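Participant: Here's a structure for you.
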Amino acid sequence: MSYVLGAIGVALPLLAALPGIGEIRRRKLDDTRRAEAPGKFARLSQGETHYMLMGPERGPLVVCIHGLTASSAVFHALARHLAAQGKRVLVYDLYGRGLSDRPRALQTPAFLTRQLHELLAALNLQGPMTLLGYSLGATVAVQFAAEMPERVSRLVLLAPAGIESELSPIVEWTARHPLSGDWLFHVVFPKAHRQNVIESSDARSEVPDIDRQHVAELERRGYVRSVLSSLRGCLLEPQEAAHRRVAELGIPLLAIWGGQDRMVPAGSMAQLSVWNPVAEQKLIEDAWHGLPHTHAGEVAALISKDERARKLA
């Protein structure tokens with residue numbers, strides 16, 4: 001019995017230390033790594049934000065906001081298509097993803113909206129602009145538009161999260177339970193994310209190394225913590241009030257969904273129609289959740305077509 005108790009006494013501290021050990025083994029962002037990166041950096045109130053600007057300087061502004069586990073790399077192909085249409089395109093990394101800093105703060109839509117507001121101010125980009133939010137990024141885009149409608153000419157939402165709960169029971173449990181949930185998420189998420197990247201790999205991607213970039217996020221210190229923070233801050237409750245506010249303000253909204261998406265199912269189209277009856281919605285039947293990079297050309301064409309139709313209306 002004493003042997004068993006002793007083994008348990010050794011094992012429990014080791015188990016408790018697993019998340020911390022994993023985090024220490026990950027690489028910390030430094031100036032050397034950032035110096036080798038494409039794009040530029042802006043120092044904001046919560047740290048450095050990595051961004052890229054593409055397209056003609058005088059083109060209409062499109063700001064792209066990526067999702068929960070990705071970085072702005074998911075937009076590289078789509079940004080090229082939009083820039084070829086004559087648009088000025090800003091892509092950037094949310095805090096905790098890509099090459100942006102990892103502040104220890106709850107990542108609510110308001111917190112991430114502040115990052116965007118400060119970045120636009122730092123770059124002296126005024127608008128009006130098209131806000132393009134993908135997955136989690138849709139919660140930021142809708143919040144920004146609801147708060148500052150005078151700066152937003154149109155919303156484009158790709159596979160938008162925040163409409164109906166898409167969280168699995170175990171993910172929701174980890175998000176709702178501090179401490180024990182933190183431990184479980186840090187232990188389970190890295191392996192689950194790698195497996196998800198493998199299973200969702202799509203040869204149609206117009207960003208050739210996107211799978212490698214997705215997995216590389218797991219090697220950066222602060223990434224797992226930031227993903228959990230965004231889950232807690234942005235995805236536990238539907239974003240009904242902000243969507244209804246956008247509808248009341250009359251801000252044009254185009255939502256594009258993937259017909260094969262299992263992460264943010266296209267069934268949420270019906271709920272969005274209830275909140276915003278005049279929202280324009282399109283379905284790309286053969287697209288999965290990665291539609292910004294697997295169907296970048298088609299998404300860009302739908303955005304352009306919607307823009308022309310609104311000008312003629």
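Where a number appears in this text, it was derived from the coordinates with a stated rule and is not lab data. Values in this document were obtained by computation on a predicted structure and should not be read as measured data. Cβ placement follows ideal geometry from the backbone for every residue including glycine, while neighbour counts extend to all protein chains displayed.
Participant: If I stretch the segment between residue 199 and residue 177 completely, what's the gain in nm (0.36 nm per residue apart, minus their alpha carbon distance), one decimal?
Facilitator: Fully extending the segment from residue 199 to residue 177 adds 5.1 nm.
Participant: Grab the DSSP H runs of the chain that are 4 residues or longer, score each as -39,500 (n - 2.57), total them, divide by all residues and round the 222 nm result to the nearest 500 deg cm²/dmol.
Facilitator: Here the helix-only value at 222 nm equals -14500 deg cm²/dmol.
Participant: Can you give the FRET efficiency to the nearest 0.05 for residue 219 and residue 192, using r as the Cβ-Cβ distance and R₀ = 22 Å?
Facilitator: 0.85
Participant: If I model a spin label as a point 7 Å beyond the Cα along the Cα-Cβ vector, how far apart are those points for residue 104 and residue 123 in nm?
Facilitator: 3.0 nm
Participant: I've got another one for you. Using θ = phi - 60° and the Karplus curve 6.51 cos²θ - 1.76 cosθ + 1.60, what whole-Hz ³J(HN,Hα) does each residue of the range 196-206 get, with Gly and Pro shown as x?
Facilitator: Going residue by residue, I get 5, 4, 5, 5, 9, 4, 9, 5, 7, 4, 8 Hz, with x marking Gly and Pro.
Participant: Between residue 281 and residues 5 or more places away or on another chain, which pairs have amide H atoms under 5 Å apart, with H built 1.01 Å from N, and which residues are they?
Facilitator: Distant-sequence amide H within range of residue 281: 255.
Participant: Name the shape class, rounded, prolate or oblate, that the alpha-carbon gyration tensor gives for the range 75-116, where a ≥ b ≥ c are the square roots of its eigenvalues, rounded holds for a/c under 1.5, and otherwise prolate holds if a/b is larger than b/c and oblate otherwise. Please list the in-between numbers first.
Facilitator: On the way: a/c = 4.03, a/b = 2.34, b/c = 1.72.
It is prolate, given that a/c is not under 1.5 and a/b is the larger ratio.
Participant: How do 101, 209 rank when sorted from fewest to most other Cβ atoms within 10 Å of their own Cβ?
Facilitator: 209, 101
Participant: A further question follows. Using 0.36 nm times the number of residues separating residue 311 and residue 278, minus their current alpha carbon distance, what extension gain do you get?
Facilitator: In short, 10.3 nm is gained.
Participant: For the range 46-163, what does the alpha-carbon gyration tensor say about shape, rounded, prolate or oblate, given a ≥ b ≥ c as the root eigenvalues, a/c under 1.5 as rounded, and a/b over b/c as prolate?
Facilitator: Rounded, because the longest to shortest axis ratio a/c is under 1.5.
Participant: Over all distinct Cα pairs, what is the inverse of the mean 1/r for the range 130-173, reported as the Kirkwood hydrodynamic radius in Å?
Facilitator: In the range 130-173 this quantity evaluates to 11.1 Å.
Participant: Right, another one. Taking a threshold of 25 Å on the Cα-Cα distance, which of the pairs 191/282; 40/191; 40/311; 87/282; 40/282; 28/191 fall above it? Mind showing how you got there, number by number?
Facilitator: Working: 191/282 33 Å; 40/191 31 Å; 40/311 34 Å; 87/282 21 Å; 40/282 34 Å; 28/191 20 Å.
From 191/282; 40/191; 40/311; 87/282; 40/282; 28/191, over 25 Å: 191/282; 40/191; 40/311; 40/282.
Participant: Of 311, 87, how do they rank once you tally other Cβ atoms within 10 Å and put the fewest first? Show your work: numbers first, answer last.
Facilitator: Values: 311 7, 87 22.
Arranged by neighbour count, lowest to highest, 311, 87 become 311, 87.
Participant: Same structure again: What is the antiparallel percent of DSSP beta bridges lying wholly in the chain, to the nearest 5?
Facilitator: 25 percent
Participant: Tell me whether the chain comes out rounded, prolate or oblate; compute the Cα gyration tensor, take square roots of the eigenvalues as a ≥ b ≥ c, and use a/c under 1.5 as the rounded threshold. Please list the in-between numbers first.
Facilitator: On the way: a/c = 1.87, a/b = 1.60, b/c = 1.17.
It is prolate, given that a/c is not under 1.5 and a/b is the larger ratio.
Participant: List, in order, the whole-Hz ³J(HN,Hα) value for each residue of the range 298-308 obtained from phi through the Karplus relation with A = 6.51, B = -1.76, C = 1.60 and θ = phi - 60°; use x for Gly and Pro.
Facilitator: 5, 4, 4, 5, 5, 5, 5, 5, 5, 4, 5
Participant: On full extension of the chain, what length is gained from residue 248 through residue 260, given 0.36 nm per residue of separation minus the C-alpha to C-alpha distance?
Facilitator: Numbers: separation 12, 0.36 × 12 = 4.32 nm, distance 3.10 nm.
Extra length available between residue 248 and residue 260 comes to 1.2 nm.
Participant: Next question. Take 257, 173 and order them by how many other Cβ atoms sit within 10 Å, fewest up front.
Facilitator: Final ranking by Cβ density, sparse to dense: 173, 257.
Participant: In addition: Using the crude model of +1 on Lys and Arg Cβ and -1 on Asp and Glu Cβ, and no other charge, please compute the dipole size for the chain relative to its Cα centre, in debye to 20.
Facilitator: 660 debye
Participant: In sequence order, what are the phi-derived ³J(HN,Hα) couplings for the range 271-280 according to the Karplus relation 6.51 cos²θ - 1.76 cosθ + 1.60 with θ = phi - 60°, rounded to whole Hz, with x for glycine and proline?
Facilitator: After applying 6.51 cos²θ - 1.76 cosθ + 1.60, I find 5, 4, 5, 5, 6, 9, x, 9, 5, 8 Hz.
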